[in-house]
Amino acid sequence: MSPSRPDPKPPVKGAEPLKISDSWLQPDVWAFGTAPDRRVWKTFRRSPWFLRHTVGRVVTAREARNLRLLEGLPRIPRLLARPHPWTIEMSFLDAEGLPDRGEAGQPAADFFAELERLVAEMHARGLNHGDLRRLNLMRLRGSGEPCLIDFAQSMWSPSPHSLFHRLILRRAFRVDRLKLLKLKKWYLGWEGLTEVERADLAAIPWYLSLGRGLRGNIYSPIMDWFERRQKQRRKQAGK
């Protein structure tokens with residue numbers, strides 16, 4: 001690996017990797033400790049100094065703020081500490097990822113009903129999720145209830161009457177709902193949706209189409225460039 005991104009060593013004694021990022025712009029995620037005091041670190045400690053003190057600080061500060069605002073909601077990690085300006089420490093959720101479509105243990109309709117209630121409670125606090133997809137959606141072992149993780153992209157407005165809330169956040173709430181319905185359809189099919197849900201999912205708003213275009217034409221090429229640069233650095237470091 002390049003000197004600017006060293007091998008992933010446990011940040012604390014006994015830590016186990018949950019996610020080791022291949023990108024300078026993404027954090028590593030580690031779990032450590034034993035139940036019921038098991039904890040999670042999300043950290044940019046392996047990123048280069050400049051990115052650690054810019055992207056790392058901004059992303060972790062944003063997620064820490066959002067977790068504080070979500071304090072008390074069930075099945076969402078609790079913010080415990082900020083060990084470094086580029087690291088957040090959270091409570092550990094004893095949860096598992098959702099299966100692929102067609103595999104055993106498919107989520108049922110009641111799972112999505114409970115997920116809708118959890119997302120609605122978030123929205124009532126003035127936050128969207130911003131990245132509602134299968135990777136950020138888990139379910140508790142035992143009860144099977146839905147859990148949400150990764151709130152780095154969540155936006156917040158303190159007032160439902162603010163211009164930001166009316167112009168931006170309401171649309172972000174709708175994007176959350178559409179992504180939830182898309183996931184529900186992926187598992188349950190069109191027949192698993194109500195007539196209203198089918199109509200909502202069929203009416204894709206212009207700003208969501210615009211966002212997909214920007215992601216495909218700007219964000220993804222930039223990220224691909226970073227990935228290629230990283231692979232080149234690794235190759236050179238291995239010579």
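Readers should treat all values here as calculations from the given coordinates under stated rules, not as data from a laboratory. The structure presented is a predicted model; accordingly, all values stated were derived computationally and were not measured. So basically every Cβ, Gly included, is an ideal-geometry build from the backbone, and we count neighbours across all protein chains shown.
State which entries of LYS9/LYS42; LYS19/LYS179; LYS42/LYS185 exceed 20 angstrom in Cα-Cα distance in the structure shown.
Details: LYS9/LYS42 14 Å; LYS19/LYS179 23 Å; LYS42/LYS185 31 Å.
Over 20 Å Cα-Cα: LYS19/LYS179; LYS42/LYS185.
With a sphere of radius 14 Å drawn around the Cβ of LEU79, what net charge do the other residues whose Cβ falls strictly inside it have (Lys, Arg +1; Asp, Glu -1)?
+3
Can you give the net charge of the other residues whose Cβ lies under 11 Å from the Cβ of LEU181, counting K and R as +1 and D and E as -1? List each step's numbers first, then the result.
Working: positive: ARG174, ARG177, LYS179, LYS182, LYS184, LYS185, ARG198; negative: GLU116, ASP176, GLU197, ASP200.
For residues surrounding LEU181, the net value is +3.
Taking the inverse of the average 1/r across all pairs of different Cα atoms in the stretch 98-203, what Kirkwood radius in Å do you get?
Kirkwood hydrodynamic radius for the stretch 98-203: 14.6 Å.
Let me understand the stretch 1-92 better: what is its radius of gyration from the alpha carbons, and its Dmax, in angstrom?
My reading of the Cα-based Rg and Dmax gives 13.1, 41 Å.
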